1. Report, ordered by chain and residue number, the aspartates and glutamates lying within cross-link reach of Lys37, taken as a straight Cα distance under 15 Å and ignoring same-chain residues fewer than 8 apart.
2. Rounded to two decimals, what is the ratio between the C-alpha radius of gyration of the stretch 213-361 and 2.2 N^0.38 Å?
3. What's the Kirkwood radius of the stretch 1-108 in Å, using all Cα pairs?
4. Provide the packing ranking of 135-144, 73-82, i.e. peptides ordered by the mean count of other C-beta atoms within 10 Å per residue, highest first.
5. Please give the direction-averaged projected area of the C-alpha convex hull for the chain, in square nanometres with one decimal.
6. May I ask you to derive the relative contact order of the chain, considering only C-alpha pairs under 8 Å and at least 6 residues apart, and to give it as an integer percent?
7. What order, most packed first, do the peptides 155-162, 3-10 have when packing is the mean number of other Cβ atoms within 10 Å of each residue?
8. Among Asp182, Asp102, Asp315, which one moves the most in a GNM of the chain with springs linking Cα atoms closer than 10 Å?
Amino acid sequence: MQSDKIKPRYPTKQIFVGKIAIGGDAPISVQSMTFSKTHNIEATKAQLDRLQLAGADIVRLAVLTEEDAKALKILKTMTNMPLIADIHFKYKLALIAAKYVDCIRINPGNIGSKEKIREVVKACNERNIPIRIGVNGGSLEKEFEQKYGATPKGMVESALYNVKLLEDFGFTNIKISLKASDAPRTIEAYETLRPLVIYPFHLGVTEAGTLYHSMIKSSIALGNLLMQGIGDTMRCSITGELEEEIKLAKSILRYSGRQKEGITIVSCPTCGRIQADLVSAIKKVEQSLTHIKTPLQVSVMGCAVNALGEAKHADIAIAFGNKIGHIIKGGKVLAKYNENEIVEKFVYEVEKLAKEREKEL
Ligand code: SF4
């Protein structure tokens with residue numbers, strides 16, 4: 001079901017981070033960041049593999065030392081995901097990293113003289129890699145912090161200042177992020193900057209917290225922006241497992257109408273009418289269907305009250321009854337099973353439907 005609340009994507013310049021296009025009509029990509037010491041090749045490679053398996057499109061790595069920067073050469077041979085080097089202040093690290101990675105995240109305003117900026121721009125131009133200007137509400141340049149505090153206005157002014165520093169050298173291979181640690185400031189900053197530049201945006205809420213808190217903040221901020229048509233790539237930062245970041249980002253994309261891929265599940269909250277163990281059933285259904293990439297609407301309902309109505313909008317559904325469940329496909333009852341076998345049969349039917357749809361595409 002489509003809604004007028006989902007606006008067309010804002011037109012942006014398209015850039016490439018390795019093989020991944022960002023901006024223009026490119027799909028909105030999902031990023032994450034390793035938390036190992038980058039020079040610890042074994043640990044970093046393990047995290048890159050985990051992120052790839054989880055479905056990340058791009059990965060960022062912190063570069064704090066020369067050892068980290070040099071390790072990128074080896075790491076780049078160990079993965080086919082595009083890599084971004086995350087650097088603060090030390091422009092010489094950017095000069096090393098630019099030889100190996102697909103993008104540099106550095107704020108030109110933080111690296112000192114124009115000559116240093118010129119050198120970083122030259123290194124990125126030589127390999128045709130972009131620079132991400134990564135503005136964070138908590139670490140604005142002193143002049144903006146003093147003038148505006150950690151406000152959306154301060155973040156936007158900082159971004160415009162950093163953009164100009166690069167544009168003055170003719171460099172326009174840019175993407176921008178404007179992250180605050182709460183949803184309202186994040187939304188306002190991106191909304192304000194959007195009409196002022198053509199460059200693609202990397203969306204995120206910084207230091208969003210543990211899974212529970214990040215889920216709420218990221219859903220409010222990123223969901224809101226995505227539905228407005230703002231955002232070209234994104235990261236959901238979580239103090240927790242890497243895989244959760246990817247899962248959350250993909251879910252936000254799906255539920256904000258920006259990505260069709262995968263299963264969208266509707267399930268009822270249960271009430272006194274329930275006569276089956278819906279909570280266990282929905283958990284099993286969710287776990288069993290994570291591998292499906294075909295866009296499918298699935299509904300799992302506790303009784304017949306809302307089940308048929310929901311089933312009309314779903315591609316396939318379960319409606320539970322008294323210790324039984326009906327499988328409903330295309331609005332019609334397909335089969336009836338005992339409560340203890342319904343999930344297995346349902347998963348089989350969903351997989352079958354996914355394969356049929358794949359053939360039609
Ligand atoms: S579908 Fe049935 S069991 Fe579920 S909340 Fe509605 S009335 Fe209750």
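Every read-out reported here was derived from the displayed coordinates using simple, explicitly stated rules and does not represent laboratory data. None of the values given here were measured: they were computed from a predicted structure. No Cβ is skipped: glycine too gets one built from the backbone with ideal geometry, and neighbour counts run over all protein chains shown.
1. Filter leaves Glu66, Glu67, Asp68, Asp86.
2. On the way: Rg = 16.5 Å, N = 149, 2.2 N^0.38 = 14.7 Å.
For the stretch 213-361, the normalised Cα radius of gyration is 1.12.
3. On the way: mean 1/r = 0.0674 Å⁻¹.
Averaging 1/r across every pair of different Cα atoms and inverting gives 14.8 Å.
4. Numbers: 135-144: 17.8, 73-82: 15.5.
Ranking the peptides 135-144, 73-82 by packing returns 135-144, 73-82.
5. That works out to 19.4 nm².
6. Details: 730 pairs, mean separation 47.1, N = 361.
13 percent.
7. Working: 155-162: 22.8, 3-10: 11.1.
Answer by packing, highest mean first, reads 155-162, 3-10.
8. Asp315
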